[in-house]
Structures are given as structure tokens and as C-alpha cells.
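These notes concern the structure reproduced below.
The values are calculated or read from the model by the stated rules, or taken from the named source; none is laboratory data. It should be emphasised that the depicted structure is a prediction, and the values quoted were computed from it without experimental measurement. With ideal geometry, Cβ positions are generated from the backbone for all residues, glycine too; neighbour counts draw on all protein chains shown. SASA here: full protein model, heavy atoms, side chains in, ligands and nucleic acids out. Shrake-Rupley method; radii C 1.70, N 1.55, O 1.52, S 1.80 Å.
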Amino acid sequence: MNEPLRILPLGGLGEIGMNCLVLEYADEILIVDCGLMFSDLDHFGVEFAIPDFSWLRERKQKVSGFLITHGHEDHIGALPFALKAGIRAPIYASAFSAMLLKERLKDHGLESEADIRVFRDGDRLPFRHFSVEPVPVNHSIVDAFAMFIDTPHGKVIHTGDFKIDPTPFYGSQLEESRFRKAGDEGVLLLMSDSTNVERHQHTLSENRIYETFENLFAAAEGLTVIAMFASNVARIGQVLSLAERMGKKVAVTGRSMDQNLRLAQELGYCVDAPNVVIPVEEIGNHRRSDVVILSGGSQAELGSALQRMAHGEHRQVILQPKDRVLMSSRHIPGNEKIIGRMINRLFKQGAEVLYEAVHEIHSSGHASRPELKRMLEWTKPKFFLPIHGEYRHLVHHGKLGEEVGIPSDRICVVENGAVLELSDAGFACVEQLEEPRVLVEGRQGGDVSKLVLKDRRVLGERGVVFALLVRNEESRRIIAGPELVSKGFANETLAPHLMDEARKLVKKLINEYDRNLREGQPEPDFQETVRVELRRFFERNLGHKPTVMPMILDI
Ligand SMILES: [Zn+2]
């Protein structure tokens, strides 16, 4: 008990996405979730960000398990990279999360290397110093769990992503009694989802969406396209069940939509699929108003089914007036602009587009302020750590904690990389790790050696060199320069020396050019000479050629 309990959020605090939280006690580490982040990273060709695993790599012998709360990408997407970084431990996940995870690992050729252990409600996962009870919660994906983690210092609750839905399409409302019971017995620390702390209305029940869809289906005069996250199996299930009841046909387009429907059926969800699902090639055989299309691409992902429809390039689905597109998902922050452009294009194709801001066609998977307050009141934690949110969400959630009576010195509002220690002495940040994130290029991200930190290494390896010269327009003589400017083409210790040598080379070229001029020889293309000679020079000295851009200013 002398050892403190250490908590280190590697991702998810200060931003939405990349959720990953480390619990350490003595010689043991548990990792809750291991996700990636897509949004707002469309610079330098970076596809997504993952947590920086260096801290964990140094302690990999201690890692005894990954606990997966649910199967969203921002909770499982970085696991293949953790495995590649050499962090190997059993991965504990619910049945649907495990299925999605296996698909993800297959993409990376790692399916045989992961030790995935499926848990269900009622299981208890034993470790050396910890003991974990997964407790079901409501969320926008089936099979989502909170983690009740018994530690040598007391019980820690990690809510995962949750909301309190009195009428979910699959399963039942999360069991208040289990959270209350934990609260009565004593909760040392609550870590709770902060995403929707700024929303004051209770989150819309999935039931309400069902009613809205029913009305829209009944009034359809053309095709109905529903764009949503493929992982929202309950939403898919609702659409199929409504279609069955109303005599509609459903076609599915998009790779992950196909995949998730198949996985969901394997687990016994979406039982109406065999009766209503038709191949997308066959939609022409049915009355247009009787067809519903389930489509991926709600975030306007490049090449996605919905983007292709928006550009009139989808082979089977050509939109027409009276068709309707329902955007039944949240716009992930950072994607608003491209989604906006796609919506405009869909309108231009003649379709009407309905989205969350205007119609009740999406319900968030995250608890709003009143629900978060109930969670705090049920669990009555001694200490409180708001998680899963941008910084302002964490601050507001922290304030909510104070409102329900938690003293402010027992609430930690911190960002990724904060090493927190919890002991009898209190709860405090003892160290802050530097920016614990790694940017990844390319969908697969190659292997770990190809990960790029902050700046693109490619720029550092190839880079660009500008050579600036000033020439007298009449005499044609070079009167100033060369000024050489490089951007990330060689490492810092090598660059000054190389640039000096390059400058000498260009001066030599200028002298030759001057001599030719004086001797009345035909004027060569001096700009091209400088470009070719400099590239040769750098290739000799660096082994590769940077882009060289000579610029001669005639005055
Ligand atoms: Zn989630």
C-alpha cells in the first residue's frame, strides 16, 4: 500500500479521440483503450494520430492487460501500433469489440499475434494487483462497457463512453443500481466521459430516432439514403426492422457498412437482414420510394460511398430530385468543412439533405450534463478525473464535480501526458510528458520506424533549396547573390557546411558565366545551369537530390 496508484492518460484528454489511459501500481500496468484520432489532421498528408508508446515501451514487462471499453476506432484503432511497438499483453474486449478489433488486426497482418479474450457481463478479470468488473453502458455502439477496477487503494471507475438511454434499441438501460452500489461501498476515483457536458438536454433516446425514421420512410417520394457510422449496429438494426414492417428494401453500400452488418448478424443482431436486404445492383428493380440505402461516408471520407454519390460517381446510386439523404451521425469536430462541402454537392445532385441540426435523425452516444450529474451523484467518488473531451469540456465537467460536492482539490483537470499519483496524500500531477502523440501517414502507417513525429521526415530527407540571384537586365551580369535558402533537406549539423560549399559552387558558376559574357559567347540558360549543378552537388554529398529552385531576378 506504500506504492501510489499512478494514472497516465496518453490520449483523449484535451482532444476528442485517441483514447488511451494507463493505470500503474507497483510492478503492474493496465491500459484502458488504445485508440486513434482522425479529425483535424489533414496537413502534411498525415492520416491520423496515435498515442506515443515510448513511455509504455520502457515498461512493457509490467503490462498485464488491455481493457477495451467498446469497439469505436478512437478506442481500438491504435492497438495494432501498440503491438508493433512490442507492447504485448492479453486484450480483454466484449464480443462485438473483439470482432471489430480482429478485422482491424487483419488489415495489419497481425491477427495471429494478438491474444484477445472475450468477456461478458458478470465476468471478473483477475490481475496481480487489480481486479476488473466490466459493467454494460449505453452508447452508440453495442456491447459497450464501463470498467470497475479494484485497486490496492480502492475502487476506480472508468465509464468508457456512455449515455443513459431508457429505451435503447438493443439491450436495456444501464443499471443504475450497480453504479449506486459501488458508490455506497466507496468509489476512490471516477473517470467519466466529458464529451457532451455542454449539452443541457437529456440525450435523445434511440427510440425517438425510430419514430422520426418511420415518418420519413412513410413520406418518401424517392430514394432514402441514410449515412451513418457503420459501427452503429443498433441504428442499422432499427432501419432494417422498420423496413421489414413497412415493406421497404434496404441496400448497403460501403466496405465497412457491409462488414459490420455481417459481423452484427454473426452475433445475433440485425435479424431482419435476410428479409429486407437486397444487393445494391438491384435497386433499379424496385420502386424508388421503397428503397432505403445504408451508406458509409458520413464524415465525407475520400472515396466513400456518400462522397461518390455527391460527385455523381457512384455506380449504382445516382441521386435525383425527390431523393433524400439523412445524415444520421455527428459531424466530428474538424470535419465540418468537408462535410459542409459534401452536403452542398448532394443538394446540387438534386437530393434533399437532412441533418442533425435541423431534424431528430441522430442521437449522440454521449451523456449530456444532467446524465453526467447523475453518474457523479450515484458513484459519489472521493476523487474525480474528467476524461474524453476537449480541454473546455474537462473544465466544465470538473466544475460539475464541484457542484455535486467534490472539493476542488480532489478534482484533476489535466491534459494528455500528465502523470497523476493517487495515494493517502492526495491526488496530484507529478510529471508532465511531452506531447504524447505520434502522427501517422498512410492508412496502414507502415511499421513503427516509419512513424513521423510532428514534422514530416520526408521533408527533412529531401527538402528544397532556393538559390536567389539578382542580374542587371542590360549588362546581363549577376550583381548580387547567391543567397541560398533551404527548407529541411539535410540535418542541422550537416547543413551549414554543405550550404557554404554550395555557395562556393554557385560563385564559381557565376565567374564562368561572367567570363563567357565578356568573351561574347552565346548566353547560356544560367538558371538551368545552376539547378543542374546544385542537384549534382547535393547528390554527391547527400546521396539524394533535393528539389532545387534557382530564381534570378532581373532588374
Ligand atoms: Zn465511442
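Among the candidates Met257, Met228, single out the residue that is of a type in the set (A, V, I, L, M), under 30 Å from Leu372 (Cβ atoms) and at pLDDT below 95.
Of Met257, Met228, the one residue that is of a type in the set (A, V, I, L, M), under 30 Å from Leu372 (Cβ atoms) and at pLDDT below 95 is Met228.
When you scan segment 141-181, how many residues do you find that are within 15 Å of the ligand (Cβ to nearest atom) and open to solvent by 20 Å² or more (accessible area, probe 1.4 Å)?
Qualifying residue count for the region: 2.
Could you please tell me which pairs satisfy a Cβ distance under 8 Å, a separation of 6+ or placement on different chains, a first residue in segment 111-126 that is of a type in the set (D, E, K, R), and a second residue that is open to solvent by 70 Å² or more (accessible area, probe 1.4 Å) and not in a strand (DSSP E or B)?
Cβ pairs passing all conditions: Glu111/Lys102; Glu113/Arg88; Asp115/Arg88.
Just one of the numbered conditions (1) in a helix (DSSP H, G or I); (2) open to solvent by 60 Å² or more (accessible area, probe 1.4 Å); (3) within 16 Å of the ligand (Cβ to nearest atom); (4) not polar (S, T, N, Q) is not true of Asp184; which one?
Every condition holds for Asp184 apart from (3).
Give me a count of the residues in segment 229-249 that are touching a strand residue (DSSP E or B) at 6+ places or on another chain (Cβ under 8 Å) and surrounded by fewer than 24 Cβ atoms within 10 Å (Cβ to Cβ).
2
Does at least one position in segment 74-87 carry a residue that is among the aliphatic types (A, V, I, L, M), modelled with pLDDT of 95 or more and within 13 Å of the ligand (Cβ to nearest atom)?
yes
For Leu100, indicate whether it is in contact with a His (Cβ under 9 Å, 6 or more places away or on another chain), within 14 Å of the ligand (Cβ to nearest atom) and either open to solvent by 30 Å² or more (accessible area, probe 1.4 Å) or in a helix (DSSP H, G or I) (or both).
For Leu100, the condition - in contact with a His (Cβ under 9 Å, 6 or more places away or on another chain), within 14 Å of the ligand (Cβ to nearest atom) and either open to solvent by 30 Å² or more (accessible area, probe 1.4 Å) or in a helix (DSSP H, G or I) (or both) - is met.
Within segment 67-83, identify whether any single residue is open to solvent by 40 Å² or more (accessible area, probe 1.4 Å), without any contact (Cβ under 8 Å) to a residue 60 or more places away in the chain, of a type outside the set (Asp, Glu) and farther than 21 Å from Gly237 by Cβ, and answer yes or no.
no
Consider Leu385 against the criteria (1) within 25 Å of Phe179 (Cβ to Cβ); (2) among the aliphatic types (A, V, I, L, M); (3) open to solvent by 10 Å² or more (accessible area, probe 1.4 Å); (4) not in a helix (DSSP H, G or I): it satisfies all of them except one. Which criterion is unmet?
(3)
With the condition kept exactly as written, say whether any residue in segment 327-336 is of a type in the set (Lys, Arg) and open to solvent by 80 Å² or more (accessible area, probe 1.4 Å).
Scanning segment 327-336, I find no residue that is of a type in the set (Lys, Arg) and open to solvent by 80 Å² or more (accessible area, probe 1.4 Å), so the answer is no.
Can you tell me how many residues within segment 126-140 are more than 16 Å from the ligand (Cβ to nearest atom) and open to solvent by 10 Å² or more (accessible area, probe 1.4 Å)?
Of the residues in that region, 6 qualify.
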